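Just below is one structure, and these are the notes that go with it.
The values are calculated or read from the model by the stated rules, or taken from the named source; none is laboratory data. Fair warning: this is a prediction, and the values are worked out from it, not measured in the lab. Because the Cβ atoms are built from the backbone with ideal geometry, glycine has one as well, and the counts that use them run over all protein chains shown.
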Amino acid sequence: MDISADLPRHRAIMAVDIAHSTDRTNSVRSQLRIVLYELLDEALAAGGIGRKHRDPFVDRGDGALCLIRPHDQLPKTLLLTNVVPALAGLLAEHAESRPELAFQLRVAVHAGEVHRDSRASYGEDVDIACRLVDSPELKRRLRETARPLALVVSQEIHRSVVRHGYPGIDRSSFTLAVHFKLGKERLRGWLYTPEAAAPLAGMTA
């Protein structure tokens with residue numbers, strides 16, 4: 001049966017954005033983009049997520065969207081317990097080896113229905129992930145920490161994953177702090193606040 005291209009596909013969504021990229025020259029931003037995509041590939045691979053398990057990265061200029069396809073062996077918990085900590089560790093290693101190209105990263109994790117056409121992926125859930133990663137609260141969170149990244153999860157991820165306290169996830173380390181509107185709907189996000197509880201492995205200062 002032919003499935004219409006207009007129908008959505010479910011994806012786990014990880015949005016990332018380089019902090020303070022507008023303070024850099026274009027030539028430096030070009031180098032940072034190369035590093036970002038290399039680190040994303042490594043971090044996803046550390047969680048067992050290869051290219052066959054995900055869509056091509058969606059470029060956002062100084063950031064990207066990672067869209068992971070549903071798979072029984074790749075539960076969404078892996079993004080929080082493996083991928084994000086691996087990304088934090090890789091950012092720290094990169095900062096030590098290339099301090100002139102060190103950068104912090106904002107990260108948002110969501111899941112939902114995604115459309116795709118010949119240009120890019122789109123849809124309401126993509127908008128939610130982008131709103132979260134660009135939220136003033138997440139930007140402020142990153143300014144206040146020396147850690148290599150700051151993390152926010154959507155209310156859907158908090159409800160379905162975080163609050164259940166699956167192994168490797170301490171629900172008390174997430175604080176409801178992000179509020180935004182999408183159309184007429186009021187939505188929320190939960191900031192990862194490691195000082196409130198034991199941090200995720202690899203996400204120490």
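Observations
- Verdict on Arg188 being outside any strand (DSSP E or B), among the basic types (Lys, Arg), on the phi < 0 side of the Ramachandran plot and in contact with a helix residue (DSSP H, G or I) (Cβ under 8 Å, 6 or more places away or on another chain): no
- Some residue of the stretch 143-152 being at pLDDT 95 or above, buried (at least 19 other Cβ atoms within 10 Å of the Cβ) and either in contact with a Gly (Cβ under 7 Å, 6 or more places away or on another chain) or among the polar types (S, T, N, Q) (or both): yes
- Residues in the stretch 91-142 that are aliphatic (A, V, I, L, M), assigned to a helix (DSSP H, G or I) and under 13 Å from the mean Cα position of the chain (by Cα): 6 in all.
- Which numbered condition His179 fails, given (1) surrounded by 13 or more Cβ atoms within 10 Å (Cβ to Cβ); (2) outside any loop (DSSP other than H, G, I, E, B): (1)
- Looking across the stretch 30-86, the residues that are of a type in the set (S, T, N, Q) and surrounded by 13 or more Cβ atoms within 10 Å (Cβ to Cβ) come down to Gln31, Thr77, Thr81, Asn82.
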